[in-house]
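Undergrad: Pasting a structure here, questions to come.
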Amino acid sequence: MTDPAVFVLTVLFILGTPGPTNTLLATGGASMGVRRSLPLMVGEACGYSISILTIGLVLAPVISGVPWAALALRLVVGAYLVLLAVQLWQRGASFTQGARTVTPAQVFVTTLLNPKAIVFALGVVPFGAANWPAYFAGFLAMLATVAFAWIALGAALGQAAAATGRARLVPRVGAAAVMGFAAFLLVGPLVH
């Protein structure tokens, strides 16, 4: 995908789509505020960088030749998301506004395992082009912008929840969303 306009629109669309990483960013913003959630963006950038570069530059030939690799990835990611959802749910029982509910390490692992990385690595970042590093740098700049937007949205929703006395719902809503993504990943292959 070497057309810059198509690349930008595609990246923004995929990054902006709700998913496990964005749910964690919004949950972090809702529970900790914007400033304290900014380190989560580093976890996301590192997770996507490692995953996309490894898949795009090293594993692409292997993945295309191993049909069960995608299923294995879905199962691993789904199992991790179930564990993460349980942890978020448990934090809801003793949650107070400002408490750390999401860590950069959790965002890193979630993003490292995020299926969106495969889409970016195999279909969006033009690794075959000579100037692919410039596209990847653009990807990271857009990632920072979208991540900040998810954190800010979460912070606004968290303030609204706190104002109505429902702050304890913040990690539980995040847990329910993450569990939904886990169910999609785990049950999807059984339906097809």
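The values are calculated or read from the model by the stated rules, or taken from the named source; none is laboratory data. In this text, all values refer to a predicted model and were calculated from it rather than measured experimentally. Cβ sites come from the backbone with ideal geometry, for glycine too, and all protein chains shown count toward neighbours.
Undergrad: How about segment 6-45: which of its residues are buried (at least 24 other Cβ atoms within 10 Å of the Cβ) and hydroxyl-bearing (Ser, Thr, Tyr)?
TA: Listed by number, the residues that qualify are THR21, THR23, THR27, SER31, SER37.
Undergrad: Name the pairs: first residue in segment 1-15 and part of a helix (DSSP H, G or I), second residue surrounded by 14 or more Cβ atoms within 10 Å (Cβ to Cβ) and aromatic (Phe, Trp, Tyr), Cβ to Cβ under 8 Å, at least 6 apart or on different chains?
TA: Pairs that qualify, where the first residue is part of a helix (DSSP H, G or I) and the partner is surrounded by 14 or more Cβ atoms within 10 Å (Cβ to Cβ) and aromatic (Phe, Trp, Tyr), are PHE7/TYR135; VAL11/PHE120; VAL11/PHE139; ILE14/PHE120.
Undergrad: Then there is this: In this structure, is GLY33 of a type outside the set (Asp, Glu), at pLDDT 75 or above and within 13 Å of the chain's Cα centre (by Cα)? I'd like the intermediate steps shown before the answer.
TA: Working: of a type outside the set (Asp, Glu): yes; at pLDDT 75 or above: yes; within 13 Å of the chain's Cα centre (by Cα): no.
No.
Undergrad: While we're on this one: When residues of segment 36-80 are filtered for being at pLDDT 80 or above and of a type in the set (A, V, I, L, M, F, W, C), how many remain?
TA: Step one: list which residues in segment 36-80 are at pLDDT 80 or above, which gives 36-59, 75-76, 78-80.
Retained after the next criterion (residues that are of a type in the set (A, V, I, L, M, F, W, C)): 38, 40-42, 45-46, 50, 52-53, 55, 57-59, 75-76, 79.
Here the count works out to 16.
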